[in-house]
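S.K.: First the structure, which I've put down as structure tokens, then a few questions once you've had a look.
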Amino acid sequence: NVWFLRSFTILVLSWLTIKPELCFSSVLSSLKALNLQGHITFENNEFAARDFGNQIHSLPLAVVYPKSVTDISDIIFHVRQMGSSSELTVAARGHGHSLQGQAQARGGVIINMESLQQGQEMQVVYNRGKFPYVDVSAGELWINILHETLKYGLAPKSWTDYLHLTVGGTLSNAGISGQAFKHGPQISNVHQLEVVTGKGEVKICSQEQNADLFHGVLGGLGQFGIITRARISLERAPKMVKWIRVLYSDFSTFARDQEHLMSAAKTFDYIEGLVIKNKTDLINNWRASFDPQDPAQASHFVSDGRTLYCLELTKNLYPENADTIGKELDDLLSQLNYIPSTLFMTEVPYIEFLDRVHASELKLRSKGLWDLPHPWLNLLVPKSKIQQFAKGVFDNILKDTNNGPVLVYPIQKSKWDNRTSFVTPDEDIIYLVAFLSHANPSSNGTDSLEHILTQNKRILDFSEAAHLGVKQYLPHYATQEQWRTHFGPKWEVFVQRKLTYDPLAILAPGQRIFQKAV
Ligand code: FAD
């Protein structure tokens with residue numbers, strides 16, 4: 001298409017145009033002269049050169065602590081006015097839990113989004129129980145939203161496994177967890193956003209208003225604007241949940257049961273799964289918090305020398321199903337083909353279940369094991385290829401799961417809005433497979449960073465060679481060609497949106513998709 005080719009050529013030409021560069025001291029003094037309601041720092045900014053991945057460390061020039069949306073638009077407007085005469089870029093930093101420096105900006109300006117949350121109240125709108133929602137700052141942590149909405153007996157519908165992440169950070173990716181099969185990812189559960197575009201304009205957007213911007217920023221990797229506020233859909237929250245784990249020794253049976261539960265009319269409220277390979281202590285650990293239905297048999301369960309698959313489920317408890325829940329669970333579990341005697345069950349407050357990873361975080365922090373490098377690999381595998389993937393990866397490439405959990409569970413594409421920037425394989429059912437490894441910096445063995453990165457590469461190479469049509473989730477690529485392949489048919493729209501909303505390529509340079517013209 002001619003328009004697209006012309007626009008793309010202009011973008012490339014503007015990259016190549018050589019302009020006189022503003023000297024460092026004039027950039028610095030122009031930033032210092034900005035009249036912000038919040039404040040800006042030029043020292044002690046090392047924290048902004050770190051993230052959860054702990055592999056990329058790019059020091060910014062400045063960190064802005066905004067008090068208002070105007071502060072954010074002023075900064076972007078200012079950087080944009082400098083045009084290609086400065087290398088200055090801008091990155092929103094949520095909770096900095098990216099894995100590959102995505103919220104960093106070398107020599108640029110970081111906007112610390114959690115400061116914005118301090119000036120903005122959360123507003124829960126009950127709507128007489130019909131379509132309740134909450135308006136929040138995009139710098140708010142999901143755990144705080146949970147605490148606030150529970151006061152009204154409500155909660156967001158779709159989650160991530162870990163809640164100490166910001167709204168803007170997860171909406172820029174997708175936000176996927178065990179509720180996504182039912183409600184879609186977090187980006188499918190937002191009614192409205194306030195966004196400061198890469199031109200410094202403040203826009204309200206939704207399905208009806210500025211819809212292209214709305215769809216663009218959802219899953220948009222921070223490329224088109226900084227989300228400052230979001231309206232999130234809520235539902236009635238249970239007080240307690242039944243939390244269940246069962247084991248399988250065969251991947252096909254495990255996956256068949258997951259898919260069956262995912263599409264059944266009466267089913268669970270959360271469905272995930274885990275691969276357990278040569279990691280017996282994990283099952284032993286469960287016994288501290290889960291009651292095995294058959295303790296004598298369960299104690300025989302070791303995973304040494306073999307691969308087990310754990311199906312993890314929850315069912316919400318409400319006053320009206322208190323009497324029938326036992327029978328409902330029996331009916332649901334009777335449809336499954338797990339290894340008899342491997343049923344582990346417990347009942348916990350909803351908040352304890354949702355905030356479960358934080359409990360592990362506290363334990364790991366106390367042992368100094370939370371701040372290790374995290375060479376995670378997250379993949380979306382089409383259902384038609386998941387058996388081939390499991391055979392090649394779980395049976396052969398993966399030797400054990402001692403470096404961190406490996407998650408595997410299906411989600412349905414029908415719960416996704418294809419107009420968002422998020423890309424998935426083109427099939428109705430997709431598996432999320434997450435290798436959530438941590439590396440030991442002082443090791444040369446199988447827990448070293450090098451070993452885990454090599455294993456990740458083998459998984460990617462295998463998937464590519466076998467033409468499995470796998471896409472990365474929380475993607476990370478070295479070249480624009482790889483990004484083009486990642487986006488596939490959506491690449492043209494992605495570039496077009498970049499030209500419309502951030503033509504100078506100022507925003508989120510840490511994603512390494514576009515480079516600012518200098
Ligand atoms: P940051 O790392 O600060 O930012 C991420 C990206 O978004 C950057 O490019 C940044 O510039 C941009 N950004 C941040 N805020 C905004 C904004 N307001 N507007 C526009 N762009 C913005 N993901 C899942 O889907 N499911 C999970 O279950 C899950 N579990 C996780 C568990 C842990 C322990 C960790 C560390 C991560 C997990 N993630 C999960 C991944 C997580 O969703 C992403 O890494 C997310 O981006 C982190 O949010 P953050 O607030 O730390 O974002």
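S.K.: What is the ratio of the Cα radius of gyration of segment 240-473 to 2.2 N^0.38 Å, with N the residue count, to two decimals?
M.R.: So the Cα radius of gyration is 1.04 times the expected 2.2 N^0.38 Å.
S.K.: Below 14 angstrom from the Cβ of PRO132, what's the summed charge of the other residues (Lys, Arg +1; Asp, Glu -1)? Walk me through the intermediate numbers first.
M.R.: Numbers: positive: ARG128, LYS130, LYS151, LYS157, ARG231, ARG236; negative: ASP135, GLU148, GLU235.
Local charge sum for PRO132: +3.
S.K.: If you don't mind, another one. When the distances between all Cα atoms of segment 446-518 are binned every 10 Å from zero, what whole-number percent does each bin get?
M.R.: 16, 41, 26, 15, 1
S.K.: Using only alpha carbon pairs under 8 Å that are at least six residues apart, calculate the relative contact order of the chain and give it in whole percent. Write out the running numbers ahead of the final one.
M.R.: Working: 1081 pairs, mean separation 94.6, N = 518.
Across the chain, relative contact order equals 18 percent.
S.K.: Helix 2-16 versus the longest principal axis of the chain: what is the Cα-based angle in degrees, 0 to 90, to the nearest 10?
M.R.: So the helix axis and the longest Cα principal axis differ by about 70 degrees.
S.K.: With r defined as the distance between the Cβ atoms of GLN81 and ASP371 and R0 fixed at 45 Å, what FRET efficiency is calculated, to the nearest 0.05? If you can, show how the numbers build up before the last one.
M.R.: Numbers: r = 38 Å, r/R0 = 0.85.
Between GLN81 and ASP371 the formula returns 0.75.
S.K.: Counting other C-beta atoms within 10 Å, which of TYR309, TYR126 has the fewest, and how do the rest follow? Numbers along the way, then the final one.
M.R.: Values: TYR309 27, TYR126 13.
With the sparsest Cβ surroundings first, the list reads TYR126, TYR309.
S.K.: Follow-up. With a 10 Å Cβ neighbour count serving as the proxy for reagent exposure, in which order, fewest first, do GLU148, GLU43, GLU272, GLU347 appear? Intermediate results must be reported in sequence, preceding the final value.
M.R.: Details: GLU148 18, GLU43 7, GLU272 23, GLU347 14.
Ordered from fewest to most neighbouring Cβ atoms within 10 Å, GLU148, GLU43, GLU272, GLU347 come out as GLU43, GLU347, GLU148, GLU272.
S.K.: With each label point set 7 Å from Cα along the Cα-Cβ vector, what nm distance links LYS363 and TYR126?
M.R.: 3.9 nm
S.K.: State, to one decimal in nm, how far the label point of TRP491 lies from the label point of SER334, with both points 7 Å from Cα in the Cβ direction.
M.R.: For the pair TRP491/SER334, the computed spacing is 5.4 nm.
S.K.: What net charge do the residues around PHE251 carry, taking every other residue with its C-beta under 10 Å from that of PHE251, with Lys and Arg at +1 and Asp and Glu at -1? Show your work: numbers first, answer last.
M.R.: Working: positive: ARG256, LYS391; negative: ASP250, ASP395.
With Lys, Arg at +1 and Asp, Glu at -1, the net is 0.
S.K.: Further question: Can you pull the one-decimal nm distance between simple spin-label points at SER25 and SER68, each 7 Å off the Cα toward Cβ?
M.R.: Once both label points are built, they end up 3.3 nm from each other.
S.K.: Over the alpha-carbon set of the chain, work out the extent along each principal axis and list the three values in angstrom, largest first.
M.R.: So the three principal-axis extents are 75, 55, 50 Å.
S.K.: Sticking with this structure for a sec: When you have a sec, figure out the Kirkwood radius of segment 117-236 from all distinct Cα pair distances and drop it here in Å to one decimal? Please report the intermediate quantities before stating the final value.
M.R.: Details: mean 1/r = 0.0706 Å⁻¹.
Taking the inverse mean of 1/r over all distinct Cα pairs, segment 117-236 comes out at 14.2 Å.
S.K.: So, one more: I'd like to know which of ILE226, CYS310, LEU261 lies farthest towards the positive end of the charge dipole of segment 203-361, counting +1 on Cβ of Lys and Arg and -1 on Cβ of Asp and Glu.
M.R.: ILE226
Since every read-out is calculated from the coordinates, none of them should be taken as a lab result. A quick note: this is a predicted structure, and the numbers were derived from the prediction, not measured. Here Cβ is always computed from backbone atoms with ideal geometry, including for glycine, and neighbour counts include all displayed protein chains.
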